[in-house]
Each structure stands twice: as C-alpha cells, then as structure tokens.
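Working notes, structure below.
The values are calculated or read from the model by the stated rules, or taken from the named source; none is laboratory data. Everything numeric here is computed off the predicted structure, so don't read it as measured data. As a convention, Cβ positions derive from the backbone with ideal geometry for all residues, glycine included, and neighbour counts pool all protein chains shown. These area figures cover heavy atoms from the full protein model, side chains too; ligands, DNA and RNA do not enter into them. Shrake-Rupley method; radii C 1.70, N 1.55, O 1.52, S 1.80 Å.
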Amino acid sequence: WKRHIGNTAAAPLIYREKIILNSDMGVIFCLDRNNGNLIWFFELKNKAFGMKIVSDKIVLGCAQGYLLVLDIHSGKIFDCFKISNENIKEISEHNKRLAVGLENGKNYLIEA
C-alpha cells in the first residue's frame, strides 16, 4: 500500500498492527500497517521532535518543553506536562523511567 501524508519529521513507530507517523504538517497519524487506512490523527499545537511508545501510550517531546502522552488506540490526550521552555529533542526509556533531552543540553529523568 501507499499513503501520502507529507514528509515525516521522525522515524515511524510500529506497535502491533499500527504505524505511528509524525508529519511535518504538525499532525500525528496512526495508520493500519496492513492496508494504510487511517485509524486516527492528532493535530499538534507545537511541533513534536521525539516520539516513544511506553506502556500502550505514545510519548511526544514537543516545542516549548511540553511532553504529551497520547492513548495509542484513540489518539486522545492522556496527559500533558510542561518540563521547561526549551524544545524537547529526544526521549528514551530506561527501567520504567523516561530520559528527556532538551535542546539546550539539559536532561531530565521522569517516572513513566
């Protein structure tokens, strides 16, 4: 299958039968990996730089220091945190904690 959604801003995430894409249009898309059909989409208010799947949730590192948590099945906001005023560049998971790296070089460790 083939689906045009704009350019992707990060590597896609694959979770069971879903593909999660962060487009350069400020939209997160969830597609069925078998046929490319749209399952849901979420329009961001701030650009997202990093994405990670943690415990059936999508964690997005966004501009202006926001960390968004979306439900992977519906795309609805589960939670939102403001960490800093700096852009969040990367997210990684280690021992049920999130390591969040900011644009200014600072790092935070958050309980997942």
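Given the structure, is residue 81 out of contact with any Ser or Thr (no Cβ under 9 Å at 6 or more places or on another chain), aromatic (Phe, Trp, Tyr) and either over 25 Å from residue 7 (Cα atoms) or not in a strand (DSSP E or B) (or both)?
On the way: out of contact with any Ser or Thr (no Cβ under 9 Å at 6 or more places or on another chain): yes; aromatic (Phe, Trp, Tyr): yes; either over 25 Å from residue 7 (Cα atoms) or not in a strand (DSSP E or B) (or both): yes.
In short, yes.
Would you point out which residue out of 55, 23 is surrounded by fewer than 12 Cβ atoms within 10 Å (Cβ to Cβ) and not aliphatic (A, V, I, L, M)? Please lay out each step first, then the result.
Values: 23 fails: surrounded by fewer than 12 Cβ atoms within 10 Å (Cβ to Cβ).
Residue meeting the stated conditions: 55.
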Checklist entry - Could you give every pair whose Cβ atoms fall below 9 Å, whose first residue belongs to the range 12-26 and is closer than 12 Å to residue 58 by Cβ and among the basic types (Lys, Arg), and whose second residue is at pLDDT 95 or above and outside any loop (DSSP other than H, G, I, E, B), counting only separations of at least 6 or pairs across chains? => result 18/30; 18/31; 18/32; 18/39
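Look at the range 1-35 and say how many of its residues are of a type outside the set (Lys, Arg) and either more than 20 Å from residue 90 (Cα to Cα) or in a loop (DSSP other than H, G, I, E, B) (or both).
If we filter the range 1-35 for residues that are of a type outside the set (Lys, Arg), which is where we start, we get 1, 4-15, 17, 19-32, 34-35.
Restricting the remaining residues to those that are either more than 20 Å from residue 90 (Cα to Cα) or in a loop (DSSP other than H, G, I, E, B) (or both) gives 1, 4-7, 9-12, 17, 24-26, 30-32, 34-35.
Counting residues in the range 1-35 that are of a type outside the set (Lys, Arg) and either more than 20 Å from residue 90 (Cα to Cα) or in a loop (DSSP other than H, G, I, E, B) (or both) gives 18.
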Next on the checklist: Any residue at all in the range 64-78 that's of a type in the set (Phe, Trp, Tyr), closer than 18 Å to residue 111 by Cα and within 12 Å of the chain's Cα centre (by Cα)?
Outcome noted: yes
Checklist entry - Any residue in the range 50-65 that is within 14 Å of residue 13 (Cα to Cα), at pLDDT below 90 and assigned to a loop (DSSP other than H, G, I, E, B)? => result yes
Checklist entry - What's the number of the condition residue 39 fails, among (1) more than 15 Å from the chain's Cα centre (by Cα); (2) surrounded by fewer than 17 Cβ atoms within 10 Å (Cβ to Cβ)? => result (2)
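Hey, can you tell me all the residues within the range 70-112 that are basic (Lys, Arg), within 21 Å of residue 28 (Cβ to Cβ) and surrounded by 14 or more Cβ atoms within 10 Å (Cβ to Cβ)?
Our first condition is that a residue be basic (Lys, Arg); within the range 70-112, this holds for 76, 82, 89, 96-97, 106.
Subset that is within 21 Å of residue 28 (Cβ to Cβ): 76, 82, 89.
89, the sole residue that qualifies.
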Checklist outcome for this item: Contact list, first residue from the range 79-96 and closer than 11 Å to residue 110 by Cβ and charged (D, E, K, R), second anywhere and open to solvent by 40 Å² or more (accessible area, probe 1.4 Å) and modelled with pLDDT under 90, beta-carbon distance below 6 Å, six or more apart or interchain, is 96/112
Next on the checklist: Being over 17 Å from residue 18 (Cβ atoms) and either surrounded by 17 or more Cβ atoms within 10 Å (Cβ to Cβ) or not polar (S, T, N, Q) (or both) is the filter here; which residues of the range 58-69 pass it?
Outcome noted: 61, 62, 63, 65, 66, 67, 68
